[in-house]
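**Q** Quick one: structure below, then a few questions.
The values are calculated or read from the model by the stated rules, or taken from the named source; none is laboratory data. All figures in this text were calculated on a predicted structure; none of them were measured in a lab. Cβ placement follows ideal geometry from the backbone for every residue including glycine, while neighbour counts extend to all protein chains displayed.
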Amino acid sequence: MGRISKKEIEDILNEIKISKLATPSQSLMVLRCCGSLVPDELPENRTILVKKIWQAINQIGYCQNGDIAGASRILEYMRDKQLPINKIVFNALVMGHSQNSDMESAEVVDVLDTCDNKEINLSDKEYLDIVYSLAINGHGDKIDQITTRIPKTSGYNQDAINCIYKLITSGHEEIAFKVFDTMTKPLKADGTSPPIGRFLIGHLTKVNSSLDNVIGFCKKLVSEGTNSKAFEIATEMALKNGSIDIALGMFKYLKENDLPVRQHYFWPIFVAKIKQNDLQGLKDVLSIMVNEYELNPNIDTLRYYILPTMLKNNIDGIKVVSELQMLGIPSGTTTHSLVLYLLSEKKIRIAADIAASSRAFYVPSLVRRPLVNAFLVGNDIPSLIILLQQICNGFSRYSLVTTPELSKQEKFDKNTIHTEEQITEMREFISQVLIDIVRNLKQTSGVVEIVHELLENMYGKGLGINAFGLEQVQNHLQGKLTFEITNLLENLTDSNLVPKAALSAKPGGYTLSNADENTLENIVNKAEASGEPKNGTKRQLLNLYCKNNNFEKASAFKNKLAAEGFNIPPGSMVLLIDMYLNHNKLDEAKQIFHELKTNNSEFILDKFKVIKMTELIAKIESIENAIDFLSSFKQFDDNTEFTSFQHANICWKLLNTVAESGSVENLQTIFDLVIKNNYITVSNILLGPLIKVHIVNNNIKGALDKFEWCCKTYRCTPWKNELALKFIQAEDAISLQVLTDLSTTVHGEVNSLYDLMFAFIECGRVKQARKILETPGLRTRQDRINSACAKYGSDNAEESLIRLLEVTKNIGQFDRTNIFNELLQLYSKNNKVEEAMALWTQMQEEDCQPSEHFMWSLSELLKKNELEVPFTVKKPKEKVSVAPSDVNKTLSNELELCINNNNIKQALALRKTIRSKGININTSHESKIIELLTREKRLKEAFEIAKDMLENNRPITKSILAFLVKNLSEAGHTASLEFLNGKVTKVMSNKLNLNTKIFKAYQSNGNVNDLIVRLETDIDEKLNDTNKLSEFIKNVPGGNLVNILHKDSSFIPTIERLHTKVSPHGHKVFANSLWSYFMLNKKFDEASNIAKEFENEKFVQYRQLISDIRTNNNIELGYKLIEVMPTFKEVNQNANLGLIYSAIIDSYVNQDNITEASKVLDKALEKITLGDINKSAVLRIKKNLESRGETFKYDTDILEKKKNFKSSNIHSEDSSDSSDDEKVAKV
């Protein structure tokens, strides 16, 4: 009906472009199509379409261009030739007059009169086109003369609608209203007229017309009786079209005229603000709704529109409640909605925190299903109990909602929840929750334990159930019912059981379990400002400072609390002791301990902290004082509970500290105290210092005597391998025989002979080792050979593996495949191609069939070095694990389900059950348990599982192990990291950056001094062994040393001393760190003196310098680095200068200073080539210049021709995240 689509016009335009032919009338027709025939398109879209058409058309008719003189000449020519002048000609002439605003040369009305005289009849559409043209050219006063001539034939209304669309879009609403008045009113069959004007109202809101126009037109319709719902329609259309200003204006008009404004009218506006991510706008609209229209938001408004947006913008729950309260929304309403939303998101713990922090009444029918679903995700019983208590506390107020007349009763107390009717309602609700939980859990293996714990907690809080609930729970559990559960169910139905009035924590004092320091600090500050005590939150904040090892904040906050007269609880005091010990603050720890003993003479410090404090006393004060302190404690109860690695490690550290002093008597005294008072059970590792103390004193005989005592007393063989190596090197055959005989009494003859063989191998005594294997009757122990292979491989001990190959040669009962494979892995790791090929040749000569993995690894090594592979090999298939038994599969599936649901508590219980049955757990499942524990910051438990897996040769998923290592480092768990470093392979250690992480851990826990002392001790021990020293120095992260010096320059003398010790052996890592530190701190003279030591070095580390140039725009440092670079004669000058210039360029580009960046590039190319500059740095300059209309004068094609290894190892944007150490080494 007079409208076409935009796509149809575009199709015609494409045909004109292809044919390159268009008559004037065709051109005019296509152009006209962009107007009235697409009234729904916005003007900007039509303009774009017209421009496209105009570019494709070279010439159109005179009148359509508004050339009136040309049109007149055409008419004269037509008269002379007696050519017919028809409707089309006159229509074009009228339109030309209108568009040219030339009302004097020919009046439009006169032209129309001429048409009438010549019996030329114009159509409705053509009259409306004239109306539109007059309107947009400022001749609105002529409109009435035109509209009276319109014949209004069939279809007129549709043409009028199109014209109205165009007029409103072009801003001529008043004329559109006049055209609307000319439309024919529709009639129903009964003779009445239906409501009209909806389309016009809709278009007014669509184009964001003025509010006055919308209201004026609606008033007109209502007053004329043509549409009594005009205002409601206008409001609906404004909301539908996203016209927020019009919608709010309509709300205001409705209110002023006593028309209702409903709450759901605001929902589309909320949606519009949410799509724009306009949080402030959302709150502004909410404030208008509450304050101007007195509409308190209901639960649906809050939970579906307001709360999700606020929480997504990182506003915590408590702040959400307070912010909405400031807008005039009751905290109870917000709390109820927030709890409902969090439960629907399965965040039951946070929901419980919110529920406990603010009172509210809950609608049981709304909250029951989300509560059950949220609980089933993680079986969080404490959170469920808190929520049940809070919901039950609100039942009295809920009665006011369901039965308002209660509030009129004089004796009604809304704070009482012990009326019979209310208790009946509560028990009904709790019973339904319990039934739903049991119904969903009844098929799981842990249902008995979960239900038992849940019922115990319910009984403890007085949360009873009804008889129906008891019956249903029993029916669901059936054969799984225990005596305890039956007894609890009966007790819960006791009519005398009433809810406890107090929560586990008082409302507002039940602190957030996942709150960080900033959140708790804000809560405390706000409470102090308002005069609230918030003692529970203060206690939790102090505890959190201690757990995070935040010494400065914990000490300051503790002093502040003491000044306020706050009574710090014993648990927090114990955490303070632990934190002080972590920071070597012995006096402060002793003071806290003394206060605890003074306040409570029965107070007992736990084992771990006793040993930790004793070890610190031995280090800082004296070993005698440590003995006195340890002797002052009574014997702990003997128990068989699992000893954590952390506790075992601190016991060993205490003994090792005393052993290093060389005092045999003091060591034995402390050892006796530790064992006698049940601090720990004896182990091989714990006995090690008893042998070490004699080695420190160079008393080999005393060490052997103590070893014999250990064997006979505890059946342990500490330091056996170390003693064997010393006896072999000293050629002390008698002592070696005694050692072997003692080992035989503990480990048996076969194991002891294998241990002796491996000792000979490590000492290079191949003949003696082979003689042991040739001992008649010696049982073959392939597992011992395989274990030795793995150990030598992880230690990078090529020589030991080569000797093991030689020892086992031609001894048929041994499978030597693992030895060859392990040796090939080391050759591949160290890129030793010739040795790897020789190994393959050796296998062929010894008629040993290489495995698929061996041949694949060899082929990969050859390809890596761009060498021809002289054989064909397919990639070996992954080993397929054996399908588990039915029992194993069921338990494994349950474990996987718990892990996927993040139910860590149930997962740990299932893991324990599976292990007790002797069933192997999928390593990926155990890895995921480690991940879940790590995410919850339960690092000790996560590490214990990781430790168990590594000790049993069970691989941990690399990404999860890396995640654990990162968190251990940040938490300062140095002992755990050192254990991991000793267990994983060297390759894995390097991938995990374990040495760097250990350094960072020492920094995190504030024990940098211990780290430096230990570093110096280890270097002193290895100074006489060049190979061990070299291996050790490789693992010292120089970058971390720079960070340490940056934070505490008092370590400079120590680092200088370490440099003096290792420099004669050719190691410059400490000098490199000092040089980097001086350069970063603009001490260029000191740096220059050290730089001379790198004249002949092929590798110089300056990653932090490059990073500082980029991130801190340290241009001065960049040019100083360029000045010093020629000092390093052995490094690749071009490549390294390229890195530095690239960093300077990036610094200028980051500051939007492209001019200076270009100058730096020009200056750089005086010394080096464009190919030496990082590709990204060059392209960034080029892109910025071209965006400003300037030309980049260098040919960038050369950058594409750079070798792959160079472009991947030198990248301008790597900045501080990349390792320039690696880059320079490769360059």
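**Q** Sort out which residues of the range 559-574 are assigned to a helix (DSSP H, G or I) and either acidic (Asp, Glu) or closer than 22 Å to Leu605 by Cβ (or both), and write them in order of number. Give the derivation first.
**A** Taking the range 559-574 first, the residues assigned to a helix (DSSP H, G or I) are 559-563, 570-574.
Answer for the range 559-574, where residues must be assigned to a helix (DSSP H, G or I) and either acidic (Asp, Glu) or closer than 22 Å to Leu605 by Cβ (or both): Leu561, Ala562, Pro570, Gly571, Ser572, Met573, Val574.
**Q** From the list Val987, Val1036, which one is among the aliphatic types (A, V, I, L, M) and at pLDDT below 80?
**A** Values: Val1036 fails: at pLDDT below 80.
When all the criteria are applied, what remains is Val987.
**Q** Run down Asp1018, Asp1085 and say which single residue is acidic (Asp, Glu) and under 20 Å from Tyr1002 (Cα atoms).
**A** Testing whether each residue is acidic (Asp, Glu) and under 20 Å from Tyr1002 (Cα atoms) leaves just Asp1018.
**Q** Also, quick follow-up: Tell me the residue from Leu204, Leu187 that is of a type in the set (A, V, I, L, M), assigned to a loop (DSSP other than H, G, I, E, B) and either in contact with an Asp or Glu (Cβ under 8 Å, 6 or more places away or on another chain) or at pLDDT below 85 (or both), please. Even if it seems obvious, please write down each step before you answer.
**A** Details: Leu204 fails: assigned to a loop (DSSP other than H, G, I, E, B).
So the residue among Leu204, Leu187 that is of a type in the set (A, V, I, L, M), assigned to a loop (DSSP other than H, G, I, E, B) and either in contact with an Asp or Glu (Cβ under 8 Å, 6 or more places away or on another chain) or at pLDDT below 85 (or both) is Leu187.
**Q** Next question. Could you tell me how many of the residues in the range 141-169 are of a type in the set (Ser, Thr, Tyr) and touching a Phe, Trp or Tyr at 6+ places or on another chain (Cβ under 8 Å)?
**A** 1
**Q** Could you please find all residues in the range 319-357 being polar (S, T, N, Q) and within 30 Å of the chain's Cα centre (by Cα)?
**A** The answer is Ser322, Thr334, Thr335, Ser337, Ser344, Ser357.
**Q** Does the range 913-943 hold any residues that are of a type in the set (D, E, K, R) and within 16 Å of Asn379 (Cβ to Cβ), and which are they?
**A** In the first step, residues of the range 913-943 are kept if they are of a type in the set (D, E, K, R); the result is 915, 917, 926, 928, 931, 935-938, 940-941.
Across the range 913-943, the qualifying residue is only Glu936.
**Q** Something else now. Could you list all residues from the range 788-824 that are outside any loop (DSSP other than H, G, I, E, B), out of contact with any Leu (no Cβ under 8 Å at 6 or more places or on another chain), among the hydrophobic types (A, V, I, L, M, F, W, C) and closer than 23 Å to Ile728 by Cα? Walk me through it before giving the result.
**A** Filtering the range 788-824 down to residues outside any loop (DSSP other than H, G, I, E, B) leaves 788-794, 798-807, 817-824.
Pick out the ones that are also out of contact with any Leu (no Cβ under 8 Å at 6 or more places or on another chain) and you get 790-791, 794, 799-800, 803-804, 806, 817-818, 821.
Now narrow it down to the ones that are among the hydrophobic types (A, V, I, L, M, F, W, C): 790, 804.
If the condition is that a residue be outside any loop (DSSP other than H, G, I, E, B), out of contact with any Leu (no Cβ under 8 Å at 6 or more places or on another chain), among the hydrophobic types (A, V, I, L, M, F, W, C) and closer than 23 Å to Ile728 by Cα, then Leu804 is the only one that fits.
**Q** Here are some residues: Glu894, Glu941. Which one is assigned to a helix (DSSP H, G or I) and modelled with pLDDT of 85 or more? Give the steps one after another, and end with the answer.
**A** On the way: Glu894 fails: modelled with pLDDT of 85 or more.
Of Glu894, Glu941, the one residue that is assigned to a helix (DSSP H, G or I) and modelled with pLDDT of 85 or more is Glu941.
**Q** Give the range 659-679 a look and list any residue that's surrounded by fewer than 18 Cβ atoms within 10 Å (Cβ to Cβ) and assigned to a loop (DSSP other than H, G, I, E, B), or say none.
**A** Answer for the range 659-679, where residues must be surrounded by fewer than 18 Cβ atoms within 10 Å (Cβ to Cβ) and assigned to a loop (DSSP other than H, G, I, E, B): Gly662, Ser663, Asn677, Asn678.
**Q** Can you tell which of Ile772, Ile785 is assigned to a helix (DSSP H, G or I), over 54 Å from the mean Cα position of the chain (by Cα) and on the phi < 0 side of the Ramachandran plot?
**A** Values: Ile785 fails: over 54 Å from the mean Cα position of the chain (by Cα).
None of the others qualify; the one that does is Ile772.
**Q** Tell me the helices (runs of 4 or more DSSP H) entirely within the range 957-1010 that contain at least 1 residues that are over 19 Å from the mean Cα position of the chain (by Cα) and in contact (Cβ under 8 Å) with a residue 24 or more places away in the chain. Step through it out loud before you land on a result.
**A** Numbers: elements: 958-971, 974-983, 986-991, 994-1004.
Correct list: 974-983, 986-991, 994-1004.
**Q** When the residues of the range 1141-1176 are filtered to those that are among the β-branched types (Val, Ile, Thr) and surrounded by 14 or more Cβ atoms within 10 Å (Cβ to Cβ), which remaining residue is nearest to Ser1107 (Cα to Cα)? Step through it out loud before you land on a result.
**A** Let us first name the residues in the range 1141-1176 that are among the β-branched types (Val, Ile, Thr), namely 1144-1145, 1149, 1154-1155, 1160, 1168-1169, 1173.
Narrowing further to those that are surrounded by 14 or more Cβ atoms within 10 Å (Cβ to Cβ): 1144-1145, 1149, 1154, 1160, 1168, 1173.
On the way: Ile1144: 10, Ile1145: 13, Val1149: 15, Ile1154: 20, Val1160: 18, Ile1168: 22, Ile1173: 16 Å.
The residue in question is Ile1144.
**Q** If I filter the range 1102-1110 for residues that are over 35 Å from the mean Cα position of the chain (by Cα), over 30 Å from Lys1193 (Cβ atoms) and surrounded by 17 or more Cβ atoms within 10 Å (Cβ to Cβ), do I get at least one hit?
**A** Residues of the range 1102-1110 over 35 Å from the mean Cα position of the chain (by Cα): none.
Scanning the range 1102-1110 turns up no residue that is over 35 Å from the mean Cα position of the chain (by Cα), over 30 Å from Lys1193 (Cβ atoms) and surrounded by 17 or more Cβ atoms within 10 Å (Cβ to Cβ).
**Q** Quick one: which helices (runs of 4 or more DSSP H) lie wholly within the range 301-348 and hold at least 3 residues that are within 20 Å of Asn525 (Cα to Cα)? Talk me through it step by step, then tell me what you get.
**A** Working: elements: 307-312, 317-326, 331-344.
Filter on the range 301-348 gives 317-326.
**Q** Turning to a different aspect of this structure: For the range 686-694, indicate whether the set of residues that are out of contact with any strand residue (DSSP E or B) (no Cβ under 9 Å at 6 or more places or on another chain), within 27 Å of Asp732 (Cα to Cα), crowded, with 18+ Cβ neighbours inside 10 Å and among the small types (Gly, Ala, Ser) is non-empty.
**A** Checked the range 686-694: at least one residue is out of contact with any strand residue (DSSP E or B) (no Cβ under 9 Å at 6 or more places or on another chain), within 27 Å of Asp732 (Cα to Cα), crowded, with 18+ Cβ neighbours inside 10 Å and among the small types (Gly, Ala, Ser).
**Q** Continuing with this model, one more query. Yes or no: Glu1093 under 23 Å from Ala1135 (Cα atoms), outside any loop (DSSP other than H, G, I, E, B), in contact with a Lys or Arg (Cβ under 7 Å, 6 or more places away or on another chain) and of a type in the set (D, E, K, R)?
**A** Numbers: under 23 Å from Ala1135 (Cα atoms): yes; outside any loop (DSSP other than H, G, I, E, B): yes; in contact with a Lys or Arg (Cβ under 7 Å, 6 or more places away or on another chain): yes; of a type in the set (D, E, K, R): yes.
Yes; evaluated as a whole, the condition is true for this residue.
**Q** Would you confirm whether or not the range 324-333 contains a residue that is in contact with a helix residue (DSSP H, G or I) (Cβ under 8 Å, 6 or more places away or on another chain), within 25 Å of Ile386 (Cβ to Cβ), of a type outside the set (A, V, I, L, M, F, W, C) and free of Cβ contacts under 8 Å to residues at least 24 places away in the same chain?
**A** yes
**Q** Identify, please: which residue in the range 791-802 is surrounded by fewer than 16 Cβ atoms within 10 Å (Cβ to Cβ) and without any contact (Cβ under 8 Å) to a residue 40 or more places away in the chain and is, among those, nearest to Gly748 (Cα to Cα)?
**A** Lys791
**Q** Right, something else. List every residue pair whose Cβ atoms lie under 7 Å apart, where the two residues are 6 or more positions apart in sequence or sit on different chains, the first residue falls within the range 337-349 and is in contact (Cβ under 8 Å) with a residue 60 or more places away in the chain, and the second residue, located anywhere, is assigned to a helix (DSSP H, G or I).
**A** Cβ pairs passing all conditions: Arg349/Ser383.
**Q** Just one of Glu456, Glu490, Glu471, Glu484 is outside any loop (DSSP other than H, G, I, E, B), within 18 Å of Gln389 (Cα to Cα) and charged (D, E, K, R); which is it?
**A** Details: Glu490 fails: within 18 Å of Gln389 (Cα to Cα); Glu471 fails: within 18 Å of Gln389 (Cα to Cα); Glu484 fails: within 18 Å of Gln389 (Cα to Cα).
When all the criteria are applied, what remains is Glu456.
**Q** Identify the residue in the range 478-517 that is hydroxyl-bearing (Ser, Thr, Tyr) and modelled with pLDDT of 80 or more and, among all such residues, is surrounded by the most Cβ atoms within 10 Å (Cβ to Cβ).
**A** Residues of the range 478-517 hydroxyl-bearing (Ser, Thr, Tyr): 482, 486, 493, 495, 504, 510-511, 513.
Going one step further and asking which of them are modelled with pLDDT of 80 or more, we end up with 482, 486, 493.
Numbers: Thr482: 13, Thr486: 14, Thr493: 17.
The qualifying residue surrounded by the most Cβ atoms within 10 Å (Cβ to Cβ) is Thr493.
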